[in-house]
1. Scan segment 1-47 for residues that are more than 24 Å from I109 (Cβ to Cβ), crowded, with 20+ Cβ neighbours inside 10 Å and of a type outside the set (S, T, N, Q) and jot them down.
2. Here's a check for you: in segment 194-226, which residue that is surrounded by fewer than 23 Cβ atoms within 10 Å (Cβ to Cβ), among the charged types (D, E, K, R) and in contact with a Pro (Cβ under 9 Å, 6 or more places away or on another chain) is farthest from I331 (Cα to Cα)?
3. Among the numbered conditions (1) assigned to a loop (DSSP other than H, G, I, E, B); (2) of a type outside the set (A, V, I, L, M, F, W, C); (3) under 22 Å from D340 (Cα atoms), tell me where R167 comes up short.
4. Please tell me if G224 is small (G, A, S) and over 30 Å from C420 (Cβ atoms).
5. Identify the single condition in (1) in a helix (DSSP H, G or I); (2) surrounded by 19 or more Cβ atoms within 10 Å (Cβ to Cβ); (3) at pLDDT below 95 that E414 does not satisfy, given that it satisfies every other one.
6. Touching a Cys at 6+ places or on another chain (Cβ under 8 Å), of a type in the set (A, V, I, L, M, F, W, C) and assigned to a strand (DSSP E or B) - does that describe any residue in segment 151-163?
7. Which pairs have Cβ atoms under 6 Å, sit 6 or more apart or on different chains, and link a residue in segment 124-146 that is in contact (Cβ under 8 Å) with a residue 12 or more places away in the chain and within 15 Å of D54 (Cα to Cα) to one that is assigned to a helix (DSSP H, G or I) and of a type in the set (G, A, S)?
8. Specify which of the listed residues (E159, E143, E191) is over 29 Å from the mean Cα position of the chain (by Cα) and at pLDDT below 95.
Amino acid sequence: MNEIPIEDHIEENFESYLEDLVRLLSHPSISTTSEGVKKCTELVQTLCRKYGFDEIKKIETPGQPSIIAKAFVDHNPENEEPTLLIYGHYDVQPADPNNWKSPPFDPDIRKDEEGEERIYARGAGDNKGQWFAHLCALRAMREKENLPMNILLILEGEEEIGSPHLRQVIRKNKSEINADLVYISDGPIDESDRPLVILGVRGLLYVEIQAKGASRDLHSGIFGGPVPNPSWELVQILNSMKNEKGEITIDGFYDDVLEITEEDKKVLKKIPLDEKKIKKDLGLRDFAEGPGESYHEKVMYYPTLNIPGFTSGFGNEGIKTIIPSEANVKIDMRLVADQDPDDIFQKFSDHVEKHESGTIDVDIIYHDSMKPYRTDLNSTYIEPMMDAVKHGWDKDPILKPAAGGSLPSYVFAEELGIDCIVVPYANADENNHSPDENLILKYFKNGIKTTYRLLENLSDF
């Protein structure tokens with residue numbers, strides 16, 4: 001076996017890793033349009049085989065396919081060693097090339113102002129670059145020593161559209177999916193440039209309210225007064241959903257929110273926070289009112305009700321005196337353990353029905369949802385995870401009970417009954433979902449080292 005240190009081994013083979021990463025990032029694989037998906041899934045299967053997986057299957061769904069790959073200790077599928085399930089997604093967000101410095105699917109490596117090399121491409125940080133680091137670690141381990149535990153890789157093709165068929169993939173293939181822990185590398189590290197170990201995510205409920213008034217836009221002088229305005233209808237409904245303290249007033253909205261324990265508070269105090277810097281960066285006078293004694297409590301332990309978009313009437317330059325015929329508002333709710341999106345949707349709908357005027361038609365559309373998830377702070381996997389991350393990044397990681405965003409972690413917990421932990425490998429300014437998405441190459445190396453160490457640490461569990 002290869003006796004050189006893993007760091008040296010990674011350096012020796014890094015150009016080869018990077019060459020394959022560039023190939024991977026060159027494929028669009030946009031789930032919303034299917035652009036490039038077929039060719040990308042073919043390449044993914046080829047790379048899985050090249051990087052040490054023994055079995056690779058493409059799983060068809062009513063939407064985009066998933067890939068399930070398995071790597072066995074001694075290449076023996078009958079071994080009884082523990083199994084780490086790694087989840088990632090090969091699909092990416094659409095990209096408008098007009099807003100990029102270099103074409104989004106023509107990966108470009110260039111240095112930033114600090115001299116750090118970054119690879120710029122759609123999917124670099126979200127999420128191809130992160131899960132590909134796991135493949136590199138597997139290949140390195142196969143080349144240096146025996147694989148100490150089995151690896152099960154599930155790559156989804158619909159994460160960017162809400163993972164509508166992930167549960168179906170897992171349920172239909174459950175007999176082949178035996179694992180002890182789910183490991184996800186997605187999202188950015190902390191703004192302080194320290195790595196993160198994240199035990200949970202917030203859930204999501206995305207809805208829309210449509211209000212329809214007259215059959216057409218009307219003159220606000222001739223018809224103003226007797227004719228109801230759908231914009232005001234929605235404003236009044238929305239105004240009833242929060243009080244002056246920023247608390248959500250939908251009946252029962254907070255009923256299932258888990259109480260913050262003293263142990264939770266101790267963990268939160270260790271998370272770095274520069275409120276002044278955040279306010280300055282965002283151009284804010286102050287943070288919003290709402291439940292939670294601190295910034296981190298608000299983000300990790302309390303749900304939100306947000307308006308991402310309100311559309312009605314005339315919004316161009318100049319004036320146009322009309323009563324609009326319709327108004328639409330889109331609302332996302334970030335949910336926390338142990339809230340259920342279906343229960344919250346019913347409570348939301350009941351609230352709207354209670355507060356609508358009855359003068360115009362109001363409809364509620366259910367768009368998307370994900371359940372929240374949180375691994376217990378006493379999980380035995382936390383210590384080996386923290387050690388692996390510290391070794392990979394040469395920095396003490398920050399332990400976070402939950403992230404503000406959403407991932408389909410709950411599907412694995414519900415279907416397989418196992419813990420799920422997230423460790424991001426991308427830089428804080430990865431620009432995921434934005435122009436000039438990028439991944440710092442040093443962090444890509446750190447991710448490879450982290451996964452390598454984690455496999456060693458977990459092999460005894």
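1. V37
2. Once the filter is applied, the top-ranked residue is R194.
3. With (1) assigned to a loop (DSSP other than H, G, I, E, B); (2) of a type outside the set (A, V, I, L, M, F, W, C); (3) under 22 Å from D340 (Cα atoms) applied to R167, the lone miss is (1).
4. Values: small (G, A, S): yes; over 30 Å from C420 (Cβ atoms): yes.
In short, yes.
5. Unmet for E414, out of (1) in a helix (DSSP H, G or I); (2) surrounded by 19 or more Cβ atoms within 10 Å (Cβ to Cβ); (3) at pLDDT below 95: (2).
6. Within segment 151-163 (the criterion being touching a Cys at 6+ places or on another chain (Cβ under 8 Å), of a type in the set (A, V, I, L, M, F, W, C) and assigned to a strand (DSSP E or B)), the answer is yes, since at least one residue qualifies.
7. Between residues of segment 124-146 that are in contact (Cβ under 8 Å) with a residue 12 or more places away in the chain and within 15 Å of D54 (Cα to Cα) and residues that are assigned to a helix (DSSP H, G or I) and of a type in the set (G, A, S), there is no close pair.
8. Testing whether each residue is over 29 Å from the mean Cα position of the chain (by Cα) and at pLDDT below 95 leaves just E143.
The values are calculated or read from the model by the stated rules, or taken from the named source; none is laboratory data. Treat the numbers as computed from the prediction; the structure is a model and nothing was measured. Backbone-built Cβ (ideal geometry, glycine too); neighbour counts: all protein chains shown.
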